Amino acid sequence: MGKLPYGELRKLLSVVARPDPSVLLGPGVGEDAALVDLGDQVLVVHTDPITGAVENIGWFSVHVSANDVATRGARPRWLTTLILLPEGATSEAALGIARQIREAADEIGAVVVGGHTEVTPRLDRPIVATTAFGVARRDRVVYTANAKPGDVLVLTKGAGVEGTAILASDFGDRLAGRVSEEVVERARGFVLELSVVREAMIAVEAGGVHAMHDATEGGVLGAVQEVAIASGLSATVFEERVPVRKETAEICRALGVNPLKLISSGSLLIAVEEASLDRLIERLAEAGITAAPIGRLERGEGVTLYRRDGSVERILEPVVDELWRLYGET
């Protein structure tokens with residue numbers, strides 16, 4: 001389950017993609033959003049489905065899609081949403097999803113301009129997919145593929161933000177008696193930290209930023225891998241430097257989950273030149289956003305993870321998200 005292997009995805013993209021002079025950037029492995037030429041400005045577009053969460057699915061859908069627009073340096077402004085409901089879903093359930101979508105859109109200053117809702121056969125849970133649109137100045141656009149050798153990798157907030165909220169909400173029965181209810185309740189509150197719009201705008205203003213990526217499926221390691229692949233570079237990550245909050249650590253330990261491979265919307269990965277590192281972290285701190293350097297990009301290929309215990313892991317295959325493994329066990 002999860003994303004297609006990169007080789008299969010490239011085959012698919014070779015079929016659907018077609019050159020067009022108005023398309024500055026079309027579909028590509030590791031690229032967060034498409035760019036369409038509007039003259040001095042560009043239209044930034046991204047679509048993402050929510051298939052691994054049930055509770056708060058509307059909230060997740062807006063923020064996950066809007067985040068990938070923000071990583072381009074654009075503020076998300078317009079949304080279209082597809083809501084697929086399983087047979088037997090109540091009107092109150094549909095309204096609940098709609099309310100979540102509206103609340104999330106209000107939080108980032110975006111508006112829903114269209115979409116589609118239906119009851120779909122053979123679904124066992126709702127699926128919500130949102131497309132987010134934003135506009136950015138052409139000279140301010142950030143590309144995932146623009147990271148440079150020597151760039152420092154900075155992570156905001158910590159590993160597994162979204163995944164922690166999902167595990168606390170959807171796996172409460174497995175956590176009962178193993179993690180305190182107080183910790184689980186705080187972890188559920190991580191859902192309010194999913195947006196990276198504010199930190200992405202701060203990063204662009206701080207300067208020296210070459211690439212940004214929202215750590216969605218595959219978590220922190222998946223995000224590092226995608227930035228490295230898109231930029232044609234290798235990456236080094238130091239496990240001991242990756243911030244893991246207490247709630248994430250306890251819940252992941254109880255469920256046997258690696259927090260670095262856990263879906264993590266809300267955690268922004270930033271590739272920044274070393275000369276601008278201190279200024280970036282200072283600007284983020286002034287806004288109350290924690291951030292830490294976790295690794296570096298260099299020439300070469302693959303991701304190398306230096307573990308806390310002194311062992312070294314080479315990551316060459318796509319990172320499979322821990323959430324999918326857990327769902328496969330249920």
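Quick rundown of the values:
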item: Exposure rank, largest accessible area first [VAL112, VAL179; 1.4 Å]; result: VAL112, VAL179
item: Among SER265, MET201, ALA275 the positive-end extreme of the charge dipole of the chain (Cβ point charges); result: ALA275
item: Over region 195-249 - Rg/Rh using Cα atoms and the Kirkwood inverse-distance radius; result: 0.99
item: Cα-Cα separations in region 147-300 greater than 22 Å, expressed as whole percent; result: 38 percent
item: Three principal axis lengths of region 150-222 [C-alpha, angstrom, descending]; result: 47, 22, 15
item: Accessible heavy-atom area order of MET1, MET212, MET201, highest first, probe of 1.4 Å; result: MET1, MET201, MET212
item: Reach of LYS261 by Cα under 20 Å, taken over lysines that are not fewer than 8 positions away in the same chain; result: LYS3, LYS157, LYS246
item: Computed over region 172-330: relative contact order in percent, which uses C-alpha pairs under 8 Å that are six or more apart; result: 34 percent
item: Point-to-point label distance, GLU107-MET201, nm (Cα→Cβ direction, 7 Å offset); result: 1.5 nm
item: Per residue Cα convex hull volume in Å³ - calculated over the chain; result: 141 Å³
item: Within the chain, percent of DSSP bridges classed antiparallel, to nearest 5; result: 80 percent
item: Local electrostatic count at GLU329 - Lys and Arg +1, Asp and Glu -1, tallied over other residues with Cβ under 14 Å; result: -2
item: Charge-dipole axis of region 163-322 as Lys and Arg at +1 and Asp and Glu at -1 on Cβ define it, positive-most pick from GLY232, MET212, VAL184; result: VAL184
item: FRET efficiency estimate (nearest 0.05) - Cβ-Cβ, ASP173 to THR290, R0 35 angstrom; result: 0.65
item: Residue with peak Gaussian network fluctuation, the chain [Cα springs, cutoff 10 Å], from ALA94, ALA176, ALA230; result: ALA176
item: Accessible area (Å², per residue) of the chain, counting only protein heavy atoms and a probe of 1.4 Å; result: 44 Å²
item: Dipole in debye (nearest 20) - the chain, about Cα centre, beta carbon charges: Lys, Arg +1; Asp, Glu -1; result: 360 debye
item: Cα-only radius of gyration and Dmax that characterise region 1-139, units Å; result: 16.1, 49
item: Solvent-accessible area, 1.4 Å probe, carbon plus sulfur percent, for region 16-100; result: 57 percent
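The values are calculated or read from the model by the stated rules, or taken from the named source; none is laboratory data. In this text, all values refer to a predicted model and were calculated from it rather than measured experimentally. Cβ atoms come from the backbone with ideal geometry, glycine included; neighbour counts cover every protein chain shown. Accessible surface is based on the protein model in full, side chains and every heavy atom, while ligands, DNA and RNA are left aside. Shrake-Rupley method; radii C 1.70, N 1.55, O 1.52, S 1.80 Å.
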